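J.: Below you will find the structure I want to go over with you.
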Amino acid sequence: MRGKFLFLGDAKLCVRGVTYGTFRPRADGSEVPEPAIVERDFALMAENGINALRTYSVPPSWLLDAAQRHNLRILVGLPVERYIGFLADKKDAPDIEELVRAGVRASAGHPAVLGYAIGNEIPASVARWFGRRRVERYLERLYDAAKDEAPDSLVTYVNYPSTEYLRLDFLDFVCYNVYLESQDRLRAYLARLQTLAGERPLVMSEIGLDSRRHGEDVQARTLDWQMRSAFAAGCAGAFVYAWTDEWYRAGADVDDWDFGLTRRDRRPKPALQAVREAFTEVPLAPGLPWPRVSVVVCTYNGRRTIRDCLEGLSRLAYPNYEVIVVDDGSTDDTAAIARQFDCRLIQTGNRGLANARNTGLGAATGEIVAYLDDDAYPDAQWLTYLAATFMSTTHAGVGGPNIAPPGDGTIAECIARAPGGPVHVLVTDREAEHIPGCNMAFRKASLEAISGFDPQFRTAGDDVDVCWRLQEWGGTLGFHPAAMVWHHRRNSIRAYWKQQIGYGRAEAMLERKWPEKYNGPGHVRWAGRMYGLGLAHALGWRQPRVYHGIWGGAPYQSLYEPAPSLLGSLPQMPEWHLLTGTLAGMAALSLVFEPLKLALPLLIVALVPPVAQAWLNAARASFPEAPHRAARLTRRLLTAALHLLQPLARLRGRLKNGLTPWRRHGVVRPAPLWPVTTSIWSERWGTQHERLRTLEARLRVEGACVLHGGEHDRWDLEVRGGILGAARLLIGVEDHPGGKQLIRLRWWPEVPGRGPFLTLGLAALTVTAAHVHAWLASLLLGFGTLVPALNIVEQCMAAMAAMRGAVERLRSPNG
């Protein structure tokens, strides 16, 4: 397993499989046909492009040998779902873990084994009876038992939509049985399953159609688009259900369903030919009119990794692309390495990342421009999946996942599991709000329409800005889970520290350009959900809920995660460390003012959540490259330390570049700090929305941070002066004869409770210190009281002044 795909040695293994069984047991108890029948079946499978089969029980060794002779690999089923009831009825229960060990032991090391499936479709009602966590722990124990017997083998569990809610992150790859007879619904559900699979391969372990009910021609046509849809969605493989109509279940032959590619006498159906043709063209048909793609690699002193990048690009399985390397003033031998490859090298002075991206855009001859970082290298089908998404949608840009490659060392492995890495933000399973710069592609015309990248972003932030500008322009962003690149993480703590400071600096620059995208404390308000390894989980008490449907009868049963609470998310924020620093200062001040000793236990309380959160996130991380418990513990401790280090580095970058909690938007000018009501007579008719849009546009021209009122708010626009003060506006429009209107406006200062609460608290401490003659403490606390109080005044004044200016401009004759 490497990222989203399976490999046989260094060659990608695209699993083109069929299910085999279940069959009437033979005299020796094995649930397989006679050897002669098996031999003929396997020969016909190989002849039709099938390279794998899935069994529902442990096959005998002679069947594995036969599979090897025909170059077939077997996903061995360990039917533990038959014993799930013994979780409750433990009397006379078999040793299920020993059954798994014995099943794996019987075939471990055989070259025909593709992997092991510890169960198939635990019934939804049974899983609901025992509960999600108990079933998850049961399967994890069986996974560990299988791994003990065959550490190097792949182990999975075959799930289905009715128990989709099971969290099985320990599995090596993800398997689902899905039967959908609508191509659009199948494509949508495949995208959802890819989201659930994350960075692991997704295999469709059963997919098919009953020819008895639908007819053999309909079965053939349906299997054709089912197979093509599965591989186009980036699945690592798919198993058609089933090889033959012969089927035995629960002690009897089943003769009222015909899912097979062959009939009971093994005569082929039309579906076999359809599947054969689909299998020959995976993942996508080679004869499609593929667009020309320009791959742009921007580099600055990238000698350590650019060779891997260019070697990966030279192995792309795409018919029509060029590689452009933009050397942004490197002082090492980056250019000399690039000249060894088939690429166009453009050397410039050191003008920054966004300028380098624009240089590549100007030189590109393709209708699609794909950007790859110099410390990343692509999967062979990277461009295929990107281009296919452009061909089937109107997206302006498309991205894919970036996964840390194995073998980069302990520190890089821990950094890959720490926060602050490049992540994508999805609005739906197929549409993105943000795609990271290490793996993004755009229509050239779309980038040119927004004048490319903003040159002010020299090292980071350019990708966020260009995504927002494309969406503001009216474009959309897509995401394909199989358009995968391997992205090296930093390999030293110092490099990680500098990277995170740079990201904090970029956040400050983005907040100045896009203030409406940020909340009061200065954090992006993403509409979608972030995905990627290393994301910090918020502390919270609200548990996820399972949608079972009435009486547990829903065919698709999902897990709904509650939105992170503000309280649970606070320890993740860089500003939390400002709080701990303030409490530490107050604790030190207790040496001269004893009542401040209360700050010491508060400091301890403030330190506990980030430490607990860091350890919990590190404990959840998996380290497959660490075979020993001591090595895993070392990695977890380092990962926990990185979870604590990252917000400190971000905080330094943010504060140094003006993204502070006390920052102010707008210019402080004299303005009333009380509600203002006025009206404007207009000779021109316009809708209320038009009037508000005009006001908003004029406020934005002045650089104001403007927010819209929500569905339940009794205000229309808010101008945020800062975290401690704002101004809100309400508009009412009266229609009069002749298309004339009276526009009524009222705006007033808005002070969030945090400012007065902080001010009054510090004022109380100041008075108390003065009362006991602790003059130094009183002086310092008094100064601390003035800071938020003055910030409230100036932020409200700046917001009210901006609002007044916009309203005055609305009075103009063209208003």
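The values are calculated or read from the model by the stated rules, or taken from the named source; none is laboratory data. If you're wondering where the values come from, they're calculated on a predicted model, not measured in any experiment. All Cβ positions, glycine included, derive from the backbone under ideal geometry; neighbour counts span all protein chains shown. SASA here: full protein model, heavy atoms, side chains in, ligands and nucleic acids out. Shrake-Rupley method; radii C 1.70, N 1.55, O 1.52, S 1.80 Å.
J.: Please report how far the C-alpha centroid of the range 9-38 lies from that of the range 366-415, rounded to the nearest whole angstrom.
T.: Each part's Cα centre sits 36 Å from the other's.
J.: Just how large is the dipole of the range 482-521 about the Cα centre, in debye to the nearest 20, putting +1 at every Lys and Arg Cβ and -1 at every Asp and Glu Cβ? Walk me through the numbers before you get to the answer.
T.: Values: 8 positive and 3 negative charges, 48 e Å.
With only Lys, Arg, Asp and Glu charged at Cβ, the dipole is about 240 debye.
J.: Also, I was wondering about something else. Taking the radius of gyration and the Kirkwood hydrodynamic radius from Cα positions alone, what is the Rg/Rh ratio for the range 1-94, to two decimal places?
T.: 1.07
J.: Skip the ligands, DNA and RNA, and give the accessible area per residue of the chain with a 1.4 Å probe, whole Å². Display every interim value, and only then the final one.
T.: Details: 36450 Å² over 815 residues.
Counting only protein heavy atoms, the per-residue value for the chain is 45 Å².
J.: Put +1 on the Cβ of every Lys and Arg and -1 on every Asp and Glu Cβ in the chain; which of Tyr165, Pro562, Val76 then has its Cα farthest towards the positive end of the dipole?
T.: Looking along the dipole axis, the top candidate is Pro562.
J.: Can I get the semi-axes of the range 359-488's equivalent ellipsoid? Compute them from the C-alpha gyration tensor as square roots of 5 times the eigenvalues, in angstrom, largest first. Working shown, then result.
T.: On the way: eigenvalues 113, 53, 42 Å².
Sorted largest first and rounded, they come to 24, 16, 14 Å.
J.: If you don't mind, there's one more thing I want to ask. Count neighbours as other Cβ atoms within 10 Å of each site's Cβ, and list the trypsin sites (Lys or Arg not before Pro) in the range 108-188 that are DSSP loop with at most 16 such neighbours.
T.: Sites meeting the loop and neighbour criteria: Arg167.
J.: Also, quick follow-up: How large is ³J(HN,Hα) for each residue in the range 69-79, as worked out from phi by the Karplus curve 6.51 cos²θ - 1.76 cosθ + 1.60 (θ = phi - 60°), to whole Hz, x for Gly and Pro?
T.: 4, 9, 6, 10, 10, 10, 8, 7, x, 10, x
J.: Let me ask something else. Could you give the size of the charge dipole of the chain about its Cα centre, using +1 on the Cβ of each K and R and -1 on the Cβ of each D and E, expressed in debye and rounded to the nearest 20?
T.: 2360
J.: Please identify every one of the chymotrypsin sites (Phe, Trp or Tyr not before Pro) in the range 147-206 that sits in a loop by DSSP and has no more than 14 other beta carbons within 10 Å of its own beta carbon.
T.: Filter output for the range 147-206: Phe170.
J.: Give the cross-link partners of Lys4 among the lysines, using a straight C-alpha distance below 29 Å as the criterion and excluding same-chain residues fewer than 8 apart.
T.: Lys12, Lys147, Lys444
J.: On the protein heavy atoms, probe 1.4 angstrom, tell me the percent of accessible surface of the chain carried by carbon and sulfur.
T.: Carbon with sulfur: 56 percent of the solvent-accessible area.
J.: Further question on the same structure: Given the convex hull over the Cα atoms of the range 382-429, what projected area results after averaging over all orientations, in nm²?
T.: The Cα convex hull of the range 382-429, projected and averaged over all directions, gives 4.7 nm².
J.: In whole percent, what relative contact order does the range 701-815 give with Cα contacts below 8 Å and a gap of six or more residues?
T.: Relative contact order, the range 701-815: 27 percent.
J.: Shifting gears a bit: Give the ranking of Leu659, Leu535 by solvent-accessible surface, highest area first, calculated with a 1.4 Å probe. Write out the running numbers ahead of the final one.
T.: On the way: Leu659 0, Leu535 55 Å².
I get Leu535, Leu659, largest accessible area first.
J.: Right, next: Among Ala380, Met391, Gly366, which residue has its Cα positioned farthest towards the positive end of the charge dipole of the range 337-394, with +1 placed on the Cβ of Lys and Arg, -1 on the Cβ of Asp and Glu, and the dipole taken about the Cα centre?
T.: After comparing all options, I get Gly366.
J.: Can you compute the helix-only [θ] at 222 nm over the chain? Use -39500 (n - 2.57) per DSSP H run of at least 4 residues, normalise by all residues, nearest 500 deg cm²/dmol. Provide the component values of the computation, followed by the final result.
T.: Numbers: 24 runs with 321 residues, N = 815.
Taken over the chain, the calculation gives -12500 deg cm²/dmol.
J.: The range 542-649: which trypsin sites (Lys or Arg not before Pro) are DSSP loop and have at most 15 other beta-carbon atoms within 10 angstrom?
T.: Qualifying residues, ordered by number: Arg542.
J.: Further question: State, as an integer percentage, the relative contact order of the chain based on alpha-carbon contacts under 8 Å between residues 6 or more apart.
T.: It rounds to 9 percent for the chain.
J.: Something else now. If you wrap a convex hull around the C-alpha atoms of the chain and split its volume per residue, what is the figure in Å³?
T.: 219
J.: Related question: Can you give me the P(r) profile for the range 69-144? Cα pairs, bins 5 angstrom wide beginning at 0, each as a whole percent.
T.: P(r) over the range 69-144, rounded to whole percents: 3, 14, 25, 22, 15, 10, 6, 3, 1.
J.: Work from the charge dipole of the chain (Cβ charges, +1 for Lys and Arg, -1 for Asp and Glu, about the Cα centre) and give the residue of Gln226, Tyr503, Ala619 farthest towards its positive end.
T.: With unit charges placed on the Cβ atoms, the residue in question is Tyr503.
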